[in-house]
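*Asks:* For reference, the structure I am asking about is given below.
The values are calculated or read from the model by the stated rules, or taken from the named source; none is laboratory data. None of these values were measured; they are calculated from a predicted model. Cβ placement follows ideal geometry from the backbone for every residue including glycine, while neighbour counts extend to all protein chains displayed. Note: areas computed on protein heavy atoms with side chains; ligands, DNA, RNA excluded. Shrake-Rupley method; radii C 1.70, N 1.55, O 1.52, S 1.80 Å.
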Amino acid sequence: MDLNIIQIILILIVAFLAGIEGILDQWHFHQPIIACTLIGLVTGELIPCLILAGTLQLIALGWSNIGAAVAPDAALASIASAIILVLSGQGEAGVSSAIALAVPLAVAGLLLTILVRTIATGIVHIMDRYAAQGNIRAIEIWQWVAICLQGLRIAIPAGLIIAVGAGPVRTLLEAMPQWLTDGLAIGGGMVVAVGYAMVINMMASKEVWPFFVIGFVLATVSEITLVGLGLIGISLALVYLALSKQGGSGGGGNANIGDPVGDLIDNY
Amino acid sequence: MAEQVRLSKKDRISIWWRTTFLQGSWNYERMQNGGWVYALIPAIKKLYKTKEERAAALQRHLEFFNTHPYVASPIIGVTLALEEERASGAPVDDAAIQGVKVGMMGPLAGVGDPVFWFTAKPILAALAASLALGGNIVGPILYFVVWNIVRMATMWYTQEFGYRTGNKITEDLSGGLLQDITKGASILGMFILGALVNRWVSMTFTPTVSSVKLSEGAYIDWENLPAGPEGIKQAFEQYEAGLAISETQVTTLQDNLDMLIPGLAPLLLTLFCMWLLKKNVSPIIIIFGLFIAGVVFHVLGIM
């Protein structure tokens, strides 16, 4: 089916919103249930797109960004497969072949979001420079540049699909090697350590290192949830504060008794 | 002490709205830091008037931050209260503010992920999807409206709750409560960081160290199970009794490492990154290096 210029512009706007939401995770324009439906609304192919929306949403139920892990990208999967469905002109009959494309599209979208998230690292360094100058306006602008990049991440592929048609997209996705996508996902799992290393460098002192070790070891007990770990951490902090006060008021002249290990380390 | 500056409700609403864009500049180095400072800008403008103070505040809030995007709101609330005190002359130092942020983000993500991502979203999405499958547009509308009302209400009320709680903490300055909180927060922060390094940095080494053929009776004998449901039942019973699933027991390098302590490799990697950072290696180079390492190790079959 052919799209007129207004429809193409509306599709690109929807794609842009979905791309933004793919990172923000607030309004949920990137969820298949919303994204496919909006594509259906602007192209007039509402019913097939609704069915695609429902089917894809059920597949994507568990796709969530947990911690720093990046989930398969629902935004590109929903937008691109909905556009391909509309372009195919097959109506409801085309839903299953659009679904088959959605999963490789989700992986392609994941690679794109990893790319943009890496570019954003450069952007926060620019923010650092403006922060040092106290330039609030510039920081706000760069925050929006980063947000718009995430929008373009989906809007550009959407425009390309409309421009070249569905066939070449299929070929391209099949050509993407498995080792590259898997390898980048493994790298993504390790990259998180950099952020933690920066915070630890900032917070660490001789006094608090033991608590890091306790937290690390307790985390190996998979039955303890993060909430549980939080409660243990709070309790440890309270106990430590209470004990260190007792040492201060009751210890009197015997200050050395308070922290024999610390003294040992200090003198070593 | 300088005159007490307070944030108005209008400021707090503006901050609440800006929190929507918390993840906008999500990056592999400091994650939500850009969005965090973006959200706090109305407070920074109100509380600090000189260029130097503003620069210090902006830099202070560009530090690492990452949590579930909705439960960042109570942390923002507490931070607002702390910043109010700081601007009024109270001795709230950078470590106290960063300690509160880091100490709260892990446990709160532990609340936000299961509540929103594992419970609310799947239930609502499944309901909406089943309506959409029948060609009913009520499905998507229902999802959009309910999700956003719940989200916006959660963010506003938890931000206000954090703000009020934060004010109570800072009221009692003479009792040394704030110093205790500073110390306590850094203890909690380090504890949580230890846990997060173990849980959220993921490394799995795949090479097979040994492949032992088990003796008869140590594994489930699939060939001789009765057919149908009875066979499945027996298989589960035998599995419960400790029988292996296949007749060869494969031990990977990861299994061996886990016998020392799970998470050893992430810990070493984190310490290595800390060392590199102290040597002034740019975080961007470390990040690219880790991606390349991921691909290379995977192609070599190590990870």
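*Asks:* How much area per residue is accessible in the stretch A:175-224 when the probe is 1.4 Å and only protein heavy atoms are counted (Å²)? Walk me through the numbers before you get to the answer.
*Replies:* Numbers: 2050 Å² over 50 residues.
Result: 41 Å² per residue.
*Asks:* Would you work out which of B:V78, B:A90, B:A109 lies farthest towards the positive end of the dipole of the stretch B:69-123? Charges go on Cβ: Lys and Arg +1, Asp and Glu -1.
*Replies:* The one lying farthest along the dipole's positive direction is B:A109.
*Asks:* Using only Cα atoms, what Kirkwood radius does the stretch B:248-303 have, in angstroms? Each step should come with its number before you reach the end.
*Replies:* Details: mean 1/r = 0.0765 Å⁻¹.
Final number for the Kirkwood radius of the stretch B:248-303 is 13.1 Å.
*Asks:* Turning to a different aspect of this structure: What area, in nm² and to one decimal, does the C-alpha convex hull of the stretch A:190-244 cast on average over all directions?
*Replies:* Numbers: hull surface 18.1 nm².
The directionally averaged projection comes out at 4.5 nm².
*Asks:* How long, wide and thick is the stretch B:44-110, going by the Cα atoms along their three principal axes, in whole angstroms, largest first?
*Replies:* Principal extents (Cα only, largest first): 38, 19, 19 Å.
*Asks:* Still on this structure, I have one more. May I ask for the angle, rounded to the nearest 10°, between helix B:72-87 and the longest principal axis of chain B, with both axes built from Cα atoms and the value confined to 0 to 90°?
*Replies:* 30 degrees
*Asks:* Nearest 10 degrees is fine. How inclined is helix A:209-218 to the longest principal axis of chain A, computing both from alpha carbons?
*Replies:* Approximately 50 degrees, to the nearest 10.
*Asks:* What's the magnitude of the charge dipole for chain A around its Cα centre, counting Lys and Arg as +1 and Asp and Glu as -1 at the beta-carbon? Answer in Debye, nearest 20.
*Replies:* Numbers: 7 positive and 15 negative charges, 61 e Å.
For this selection, approximately 300 debye.
*Asks:* When only C-alpha pairs under 8 Å and at least 6 residues apart count, what is the relative contact order of chain A, in percent? Working shown, then result.
*Replies:* Working: 260 pairs, mean separation 48.7, N = 268.
Once normalised by length, the contact order is 18 percent.
*Asks:* Which value, in debye to the nearest 20, describes the size of the charge dipole of the stretch B:1-67 about its Cα centre when Lys and Arg Cβ atoms bear +1, Asp and Glu Cβ atoms bear -1, and nothing else is charged? Can you show the working numbers first?
*Replies:* Numbers: 12 positive and 6 negative charges, 70 e Å.
The dipole magnitude comes to about 340 debye.
*Asks:* With springs only between Cα atoms under 10 Å, which of A:I139, A:I34, A:I214 fluctuates most in a Gaussian network model of chain A?
*Replies:* Of the options given, A:I214 has the highest mean-square fluctuation.
*Asks:* Additional query: Hey, what did the stretch B:67-172 get for relative contact order, percent, Cα under 8 Å, at least 6 apart?
*Replies:* 52 percent
*Asks:* With N set to the number of residues, divide the alpha-carbon radius of gyration of the stretch A:145-246 by 2.2 N^0.38 Å and report two decimals. Spell out each step's value before the answer.
*Replies:* On the way: Rg = 23.4 Å, N = 102, 2.2 N^0.38 = 12.8 Å.
Its radius of gyration relative to the 2.2 N^0.38 Å reference: 1.83.
*Asks:* Moving on. For the pair A:V164 and A:Q90, what calculated FRET efficiency results from E = 1/(1 + (r/R0)^6), where r is the Cβ-Cβ distance and R0 = 25 Å, to the nearest 0.05? Intermediate values should be presented prior to the final figure.
*Replies:* Details: r = 18 Å, r/R0 = 0.74.
Once rounded, the FRET efficiency stands at 0.85.
*Asks:* Keeping all protein chains in position, work out how much accessible area A:L149 exposes to a 1.4 Å probe, and write it in Å² to the nearest 10.
*Replies:* Accessible area of A:L149: about 60 Å².
*Asks:* Just to check I understand the Karplus step: with θ = phi - 60° and J = 6.51 cos²θ - 1.76 cosθ + 1.60, what whole-Hz values come out for the stretch B:236-245, glycine and proline as x?
*Replies:* Each residue of the stretch B:236-245 in turn: 5, 4, 5, 5, 4, 6, x, 6, 6, 7 Hz.
*Asks:* Something else about it: Residue by residue, what Karplus-based ³J(HN,Hα) values in Hz, rounded to whole numbers, does the stretch A:233-242 have, using 6.51, -1.76 and 1.60 with θ = phi - 60° and x for Gly and Pro?
*Replies:* In residue order, the calculated couplings are x, 4, 4, 4, 4, 5, 4, 4, 5, 4 Hz.
*Asks:* Please list, in chain and number order, the residues 5+ apart from B:F65 or on another chain whose amide H is under 5 Å from its amide H, with Hs placed from the backbone.
*Replies:* B:Q32, B:N33
*Asks:* Let me ask you something else. List, largest first, the extents of the alpha carbons of chain B along their principal axes, each in whole Å.
*Replies:* The Cα atoms of chain B stretch 83, 58, 40 Å along their principal axes.
*Asks:* Next question. Stick to Cα atoms and the Kirkwood definition of Rh, then tell me Rg/Rh for chain A.
*Replies:* Values: Rg = 25.8 Å, Rh = 22.2 Å.
Answer for chain A: 1.16.
*Asks:* From the gyration tensor of the Cα coordinates in the protein assembly as shown, what semi-axes in whole Å does the equivalent ellipsoid have, largest first, with each one equal to sqrt(5λ)? Numbers along the way, then the final one.
*Replies:* On the way: eigenvalues 356, 236, 97 Å².
After scaling each eigenvalue by five and taking roots: 42, 34, 22 Å.
*Asks:* Can you give me the Kirkwood hydrodynamic radius for the stretch B:1-78, using every pair of distinct Cα atoms, in Å to one decimal? Walk me through the numbers before you get to the answer.
*Replies:* Values: mean 1/r = 0.0771 Å⁻¹.
Result for the stretch B:1-78 stands at 13.0 Å.
*Asks:* Solvent-accessible area per residue for the stretch B:73-130 at a 1.4 Å probe radius, Å²?
*Replies:* On the way: 1530 Å² over 58 residues.
Here the residues of the stretch B:73-130 average 26 Å² of exposed surface.
*Asks:* Calculate for the protein assembly as shown the 222 nm mean residue ellipticity that helices alone would give, adding -39,500 (n - 2.57) per DSSP H run of length 4 or more and normalising by residue count, nearest 500 deg cm²/dmol.
*Replies:* Working: 23 runs with 402 residues, N = 571.
It comes out at -23500 deg cm²/dmol, rounded to the nearest 500.
*Asks:* Specify, per residue and in Å³, the volume enclosed by the convex hull of the alpha carbon atoms belonging to the stretch A:32-144.
*Replies:* Values: hull volume 12.7 nm³, N = 113.
In the stretch A:32-144, the Cα convex hull volume per residue is 113 Å³.
*Asks:* Further question: Can you give the longest run of chain B that contains no GluC sites (Glu not before Pro) sitting in a DSSP loop with at most 15 other Cβ atoms inside 10 Å?
*Replies:* On the way: sites that count: B:E3, B:E216, B:E247.
The longest such stretch corresponds to B:4-215.
*Asks:* With +1 on each Lys and Arg Cβ and -1 on each Asp and Glu Cβ, how big is the dipole of the protein assembly as shown about its Cα centre, in debye rounded to the nearest 20?
*Replies:* On the way: 31 positive and 40 negative charges, 387 e Å.
It comes to approximately 1860 debye.
*Asks:* Return the value, in Å² to the nearest 100, of accessible area buried between chains A and B (probe 1.4 Å, both sides summed).
*Replies:* On the way: alone 16310 and 18190 Å², together 24880 Å².
Counting protein atoms only, the buried area is about 9600 Å².
*Asks:* Residue by residue, what Karplus-based ³J(HN,Hα) values in Hz, rounded to whole numbers, does the stretch A:189-199 have, using 6.51, -1.76 and 1.60 with θ = phi - 60° and x for Gly and Pro?
*Replies:* Residue by residue, the stretch A:189-199 yields x, 8, 4, 3, 4, 4, x, 5, 4, 5, 5 Hz.
*Asks:* A further question on this structure: Between 0 and 90 degrees, rounded to the nearest ten: what's the tilt of helix B:264-278 against the longest Cα principal axis of chain B?
*Replies:* It works out to around 40 degrees.
*Asks:* Based solely on C-alpha atoms, express the radius of gyration and the Dmax of the stretch B:210-267 in angstrom.
*Replies:* Considering the stretch B:210-267 through its Cα atoms, Rg and Dmax are 15.3, 48 Å.
*Asks:* Under a crude label model (7 Å from the Cα following the beta-carbon direction), how far is B:K49 from A:W209 in nanometres?
*Replies:* 4.6 nm
*Asks:* In whole Å and largest first, what semi-axes does the C-alpha gyration tensor of the stretch A:15-95 yield when each eigenvalue is scaled by 5 and square-rooted?
*Replies:* On the way: eigenvalues 102, 30, 17 Å².
Ellipsoid half-lengths, sorted descending, are 23, 12, 9 Å.
*Asks:* Which of the listed residues, A:Q150, A:S205, A:A108, is farthest toward the dipole's positive end in the protein assembly as shown, when Lys, Arg count +1 and Asp, Glu count -1 at the beta-carbon?
*Replies:* It is A:Q150.
*Asks:* What are the residues whose amide H is under 5 Å from the amide H of B:Y219, where those residues sit 5 or more places off or on another chain and H is modelled from the backbone?
*Replies:* Under 5 Å from the amide H of B:Y219 lie the amide H atoms of B:A244, each far enough along the sequence or on another chain.
*Asks:* What part of the accessible area of chain B, given as a whole %, is carbon or sulfur when the probe is 1.4 angstrom?
*Replies:* Numbers: 8780 of 13500 Å².
After summing per-atom areas, the C and S share lands at 65 percent.
*Asks:* Can you find, among B:G34, B:F64, B:Y48, the residue sitting farthest towards the positive end of the charge dipole of chain B, where Lys and Arg contribute +1 and Asp and Glu -1 at Cβ?
*Replies:* Going by the charge dipole, the pick is B:Y48.
*Asks:* Return the carbon/sulfur percentage of the accessible area of chain A, one whole number, probe 1.4 Å, all protein chains in place. The partial results should precede the final answer.
*Replies:* On the way: 7880 of 11390 Å².
Heavy-atom surface of chain A belonging to carbon and sulfur, 1.4 Å probe: 69 percent.
*Asks:* Taking amide H positions as placed 1.01 Å from N in the peptide plane, with prolines and chain starts having none, which residues 5 or more places from B:V209, or on another chain, fall under 5 Å of its amide H?
*Replies:* HN-HN under 5 Å from B:V209: B:T251, B:T252, B:L253.
*Asks:* To continue, here is another question. Rounded to a whole number of µm²/s, how large is the Stokes-Einstein D of the stretch B:82-239 at 25 °C and 0.890 mPa s, given Rh as the Kirkwood radius over C-alpha pairs? It would help to have the intermediate numbers written out before the result.
*Replies:* Values: Rh = 21.7 Å.
For the chosen part, D equals 113 µm²/s.
*Asks:* Over the stretch A:44-159, what relative contact order in percent results from Cα pairs under 8 Å that are six or more residues apart? Present the calculation step by step, with values, prior to reporting the outcome.
*Replies:* Numbers: 98 pairs, mean separation 31.5, N = 116.
Value for the stretch A:44-159: 27 percent.
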